[in-house]
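So the structure is just underneath, and the comments pick up after that.
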Amino acid sequence: MKTITTAIKDLLIIEPKVFGDDRGFFFESYNKRQFHELTGRDVEFVQDNHSRSVNNVLRGLHYQIQHPQGKLVRVIQGKVLDVAVDIRKSSATFGKHVAVELSSENKRMFWIPEGFAHGFLVLSDTAEFIYKTTDYWFPEFERSILWNDPELAINWNIDSAPALSGKDEKGQLLKHAEHFA
């Protein structure tokens, strides 16, 4: 495995070493020791999540204000634009974001530590998205930042409005949202 740094030092793209031949491929998608070596973090993942979405579905930008979750995300079918926004008020990169394309083809993973809002847009006909979290889901603490907040200026590369959940339609602007210290 190797890491690719991003414009925000705490956000890392992780590329697994893929072994492939005419029979298919194999790669190690998670190894606790290697994850620690790559990120400098000794985390315990407590929950795995799996979603399937159709083209133009946008999920996010989500975070939990209490019981914050670090997430290791990847796509096992299809392609998404994955986005993480720094919402740590004391950070020099507060309000900045990183967007990365994740797909079943590139097999990249994205490490998003606690203190970030996270979301993704499905670019393929369908996409299956899986991720590990460092804390459990607590719906009462979940928050959503509006995907098209002009202050964030995220380029989702879409011509029409995405398909959103009711919760995401009611997302807050960053300036009105709860932040991390």
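The values are calculated or read from the model by the stated rules, or taken from the named source; none is laboratory data. If you're wondering where the values come from, they're calculated on a predicted model, not measured in any experiment. Please note: Cβ atoms are built from the backbone with ideal geometry, for glycine as well, and neighbour counts cover all protein chains shown.
Could you list all residues from the range 66-78 that are surrounded by 15 or more Cβ atoms within 10 Å (Cβ to Cβ) and more than 20 Å from residue 42 (Cα to Cα)?
Within the range 66-78, 75, 76, 78 qualify.
In the set 19, 27, which member is in contact (Cβ under 8 Å) with a residue 12 or more places away in the chain, aromatic (Phe, Trp, Tyr) and closer than 16 Å to residue 106 by Cβ?
27
Which pairs turn up if I take residues in the range 87-108 that are over 30 Å from residue 19 (Cα atoms) and at pLDDT 95 or above and look for partners that are exposed (fewer than 15 other Cβ atoms within 10 Å of the Cβ) and of a type in the set (Gly, Ala, Ser) with beta carbon separation below 9 Å, at least 6 apart in sequence or on another chain?
88/181; 89/181; 90/181; 93/7; 96/7; 97/7; 97/153
Show the residue pairs that are 6+ apart or on different chains and have beta-carbon atoms under 9 Å apart, the first residue being within the range 147-161 and in a loop (DSSP other than H, G, I, E, B), the second being surrounded by fewer than 13 Cβ atoms within 10 Å (Cβ to Cβ) and among the aliphatic types (A, V, I, L, M).
Matching pairs, first to second residue: 148/161.
Conditions: (1) without any contact (Cβ under 8 Å) to a residue 40 or more places away in the chain; (2) surrounded by 13 or more Cβ atoms within 10 Å (Cβ to Cβ). Residue 164 meets all but one. Number of the miss?
Tallying (1) without any contact (Cβ under 8 Å) to a residue 40 or more places away in the chain; (2) surrounded by 13 or more Cβ atoms within 10 Å (Cβ to Cβ), residue 164 fails exactly one: (1).
Do we find a residue being at pLDDT 95 or above and assigned to a strand (DSSP E or B) anywhere in the range 35-44?
Looking for residues that are at pLDDT 95 or above and assigned to a strand (DSSP E or B), one finds none in the range 35-44, hence no.
Would you check if there is a residue in the range 39-47 being touching a Pro at 6+ places or on another chain (Cβ under 7 Å), of a type in the set (Gly, Ala, Ser) and surrounded by fewer than 19 Cβ atoms within 10 Å (Cβ to Cβ)?
Looking for residues that are touching a Pro at 6+ places or on another chain (Cβ under 7 Å), of a type in the set (Gly, Ala, Ser) and surrounded by fewer than 19 Cβ atoms within 10 Å (Cβ to Cβ), one finds none in the range 39-47, hence no.
For the range 167-181, give me each residue that is surrounded by 17 or more Cβ atoms within 10 Å (Cβ to Cβ) and out of contact with any Asp or Glu (no Cβ under 6 Å at 6 or more places or on another chain).
168, 171, 177, 179, 180
Regarding the range 122-133, can at least one residue be identified that is part of a loop (DSSP other than H, G, I, E, B), in contact with a Ser or Thr (Cβ under 9 Å, 6 or more places away or on another chain) and not aromatic (Phe, Trp, Tyr)?
Yes, the range 122-133 has at least one match.
Contact list please: Cβ distance under 7 Å, first residue in the range 62-80 and at pLDDT below 95, second residue assigned to a strand (DSSP E or B) and among the basic types (Lys, Arg), pairs at least six apart or on different chains.
Close Cβ pairs (under 7 Å, with a partner that is assigned to a strand (DSSP E or B) and among the basic types (Lys, Arg)) amount to 65/143.
Filter the range 79-115 for residues that are among the acidic types (Asp, Glu) and either more than 20 Å from residue 174 (Cβ to Cβ) or touching a Ser or Thr at 6+ places or on another chain (Cβ under 9 Å) (or both) and give the result.
Scanning the range 79-115 gives 86, 101, 105, 114.
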